[in-house]
Amino acid sequence: MNDETPILAGIRVLDFGRYVAGPYCATLLGYLGAEVVRVEKREGGEDRYIAPVCDGGEGGVFFQTGCNKKSMTLNPSSDEGRDITRRLVATADVVVANLPPAALGALGLDYGSLAAIRPDVILVTQTAFGDGGPYAQRGGFDGVGQAMSGAMYITGTPGHPVKAAAPYVDYSTAVLSAFGALAALMERARSGRGQHVQGALQATALAVFGSHLIEQGVARLDRVGTGNRVQTSAPSDVFATRDGFVLTHVVGNGLFRRWARLMGDEQRWLGDPRYATDASRGDHSEEILAHMRQWCAARATSQAIAELEAAGLPAGPVYTPQQALDDPQVRAMSYLREIADYPGLPRPAPVPDLPVRFSRSPAGIATRPPTLGEHTDEILAELGYSPDDIARFREHGVI
């Protein structure tokens, strides 16, 4: 960090999000310097308690989506809660709310209601399927996006579709939503007007899986799942070593020539017309993969990685989660930040920091996640409510 002003200094974000796509979108804006106020139910949002790691039940999802935020509790469906929401919105530049359209309207968080309070406000929402079409009223999670994009079908094997453990649809939707919020803020600086930015899990899942869908739409190959094996190049798969597994991805004729040289029989591989292109190597991969399996099985993981690296071939060991935490590159680059000062946390939590860095602008984790309602009184006082008002809200179950 340095003395430069954060990129989003002076921007206030209200986070009415749930689970991942909304909250992590707000987190990313907070990592860029925005003031983020997380508005939670009085008992806490569902995402606060997923994969618990604290004595109070707070979990891994909350630690990843909660840093750099203030927390206030609120029942926005009550009359007094609606008044508080209106005052909050009047102070906000961006409102993030991944709620169904009907819920947005009922809580006064739809774009029309927000713009009536602050015309230049930017509303960022995420839904499962978008606001039109036959699925507009359906809910959904990350896995639904994976399933309905074709990715699970191809990731698995025939008769056994497989979902990725990493919820990439949720987090990618959050990243795209933050991208949209930044674009809308740039446009507002020019026009002075706000707008509604909409993300959807299905749209994100299709975008991430897009090259496969393009191939299917044009070539009609009707591919089936092949597990870890890439179908459009070779050798691109996971291979067992004497003490673990390595993944290698050989794409392009240049890398394939390096691989053939490493294998010690260039004429065998480079002289065969079946192996002339990525596509043909993918279609005729059996002999290539068999040779690579034999080569890896004769080596320890560290030796295989060292030889592949020396040959200029992209490869990596298949880590357990603990090995990923212990990786020397991760530690050297400080990709994970240890959060140690959260109440009830038995040991420091390794939280992924902002995955991009700037040469001048400070960004990333600055404060631990907030305890539930930690800043409620502070925020309400800023909005002009007196201590007696706040006490009454608490007595009436508004906060």
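What tally of residues in segment 1-26 results from selecting those that are closer than 15 Å to Asn98 by Cα, of a type in the set (Ser, Thr, Tyr) and either surrounded by fewer than 21 Cβ atoms within 10 Å (Cβ to Cβ) or in contact with a strand residue (DSSP E or B) (Cβ under 7 Å, 6 or more places away or on another chain) (or both)?
Residues in segment 1-26 being closer than 15 Å to Asn98 by Cα, of a type in the set (Ser, Thr, Tyr) and either surrounded by fewer than 21 Cβ atoms within 10 Å (Cβ to Cβ) or in contact with a strand residue (DSSP E or B) (Cβ under 7 Å, 6 or more places away or on another chain) (or both): 1 in total.
So which residues in segment 310-339 are part of a loop (DSSP other than H, G, I, E, B) and within 23 Å of the chain's Cα centre (by Cα)?
Passing the criteria: Val318, Tyr319, Thr320, Asp327, Ser334, Tyr335.
Ala306 passes all but one of (1) part of a helix (DSSP H, G or I); (2) modelled with pLDDT under 95; which number fails?
Answer for Ala306: the failing condition is (2).
When both residues are 6+ apart or on different chains and their Cβ atoms are under 7 Å apart, which pairs have a first residue that lies in segment 104-121 and is within 14 Å of Arg193 (Cβ to Cβ), and a second that is in a helix (DSSP H, G or I) and aliphatic (A, V, I, L, M)?
Pairs that qualify, where the first residue is within 14 Å of Arg193 (Cβ to Cβ) and the partner is in a helix (DSSP H, G or I) and aliphatic (A, V, I, L, M), are Leu114/Val89; Arg118/Val89; Arg118/Ala90; Val121/Val89; Val121/Leu114; Val121/Ala115.
Taking the condition of being among the aliphatic types (A, V, I, L, M), out of contact with any Leu (no Cβ under 8 Å at 6 or more places or on another chain) and in a helix (DSSP H, G or I), how many residues in segment 153-169 meet it?
1
I want to confirm something. Restricting to segment 171-211 and keeping residues that are basic (Lys, Arg) and in a helix (DSSP H, G or I), which single residue is surrounded by the most Cβ atoms within 10 Å (Cβ to Cβ)?
Filtering first and then ranking leaves Arg188.
The rows are residues; the columns are (1) of a type in the set (Gly, Ala, Ser); (2) in a helix (DSSP H, G or I); (3) outside the structural domain of Pro101 (by TED's automatic domain parsing).
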site	(1), (2), (3)
Ala26	yes, yes, no
Gly33	yes, no, no
Glu43	no, no, no
Asp47	no, yes, no
Val61	no, yes, no
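Results for (1) closer than 28 Å to Gly57 by Cα; (2) outside the structural domain of Gly66 (by TED's automatic domain parsing); (3) surrounded by 13 or more Cβ atoms within 10 Å (Cβ to Cβ); (4) of a type outside the set (Ser, Thr, Tyr), shown as yes or no for each residue.
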{"site": "His284", "(1), (2), (3), (4)": "no, yes, yes, yes"}
{"site": "Arg299", "(1), (2), (3), (4)": "no, yes, yes, yes"}
{"site": "Ile305", "(1), (2), (3), (4)": "no, yes, yes, yes"}
{"site": "Gly344", "(1), (2), (3), (4)": "yes, no, no, yes"}
{"site": "Leu354", "(1), (2), (3), (4)": "yes, no, yes, yes"}
{"site": "Ala363", "(1), (2), (3), (4)": "no, no, yes, yes"}
{"site": "Ala366", "(1), (2), (3), (4)": "yes, no, yes, yes"}
{"site": "Pro369", "(1), (2), (3), (4)": "yes, no, yes, yes"}
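So is Gly112 more than 19 Å from the chain's Cα centre (by Cα), surrounded by fewer than 14 Cβ atoms within 10 Å (Cβ to Cβ) and not in a loop (DSSP other than H, G, I, E, B) or not?
yes
For segment 133-152, give me the residue count where each residue is closer than 14 Å to Ala165 by Cβ, touching a Leu at 6+ places or on another chain (Cβ under 8 Å) and of a type in the set (S, T, N, Q).
Here the count works out to 0.
The values are calculated or read from the model by the stated rules, or taken from the named source; none is laboratory data. Given the structure is predicted, the values throughout are model-derived calculations rather than measurements. Quick reminder, even Gly has a Cβ in these numbers, built from the backbone with ideal geometry, and neighbours come from all protein chains shown.
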